[in-house]
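The structure appears right after this line, and notes come after that.
The values are calculated or read from the model by the stated rules, or taken from the named source; none is laboratory data. Worth saying up front: this structure is predicted, and the values here are computed from it rather than measured. Positions of Cβ are backbone-derived with ideal geometry, glycine not excepted, and every protein chain shown enters the neighbour counts. Remember, those area values only see protein heavy atoms, side chains included, never the ligands or the DNA or RNA. Shrake-Rupley method; radii C 1.70, N 1.55, O 1.52, S 1.80 Å.
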Amino acid sequence: MLESLDLSSNNLSGRIPEELTNLTFLEVLNISENHLTGFIPQGSQFQTFGNDSYYKNSGLCGFPLSKRCTTDEVLEPSQEIEPEFEIGIDWKITMMGYGCGLVIGFSLSYLISLSGKHEWLVRFIHKNIHKKIIRNKRSTHRRGARRS
């Protein structure tokens, strides 16, 4: 069971999540020397933590700190970004695209194999591989000639 949580000096920013008040078994909390803002959540164990738990977080307000919160700070909900949108791409959409690509690719390969006309595909792949091998040999010769 987690009895002590030390997140000090981690450059954390934003508000303290309300969900932390659900950790009723916490005896020690240290979130000092971060960049936290907003009100300190009230409830259960948070009532027992002293000022030193929140030291050097100038944006925090509320009990047990002497800085009182304004109504804007208390009533305004957190404007945090949902984790799935942090990088700008939703992983669910990416996986749907990947799945569709797999289905289409396997379907086309199945249709080509059924038709029996896959020789053109074999020739195309063979020709491209042959071109790449020739290019690699030429570039290796050129690099080798320069080093000499």
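Below is a table of values for the structure above.
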quantity: Residue satisfying all of: in segment 24-37; open to solvent by less than 50 Å² (accessible area, probe 1.4 Å) and under 24 Å from the mean Cα position of the chain (by Cα); nearest to Leu60 (Cα to Cα) among these; calculated: Leu36
quantity: Residue match in segment 66-87 (condition: at pLDDT 85 or above, outside any loop (DSSP other than H, G, I, E, B) and surrounded by 11 or more Cβ atoms within 10 Å (Cβ to Cβ)); calculated: no
quantity: Segment 18-73, residues that are among the small types (Gly, Ala, Ser) and either closer than 18 Å to Glu3 by Cα or in contact (Cβ under 8 Å) with a residue 24 or more places away in the chain (or both); calculated: Ser32, Gly38, Gly43, Ser44, Gly50, Ser53, Gly59
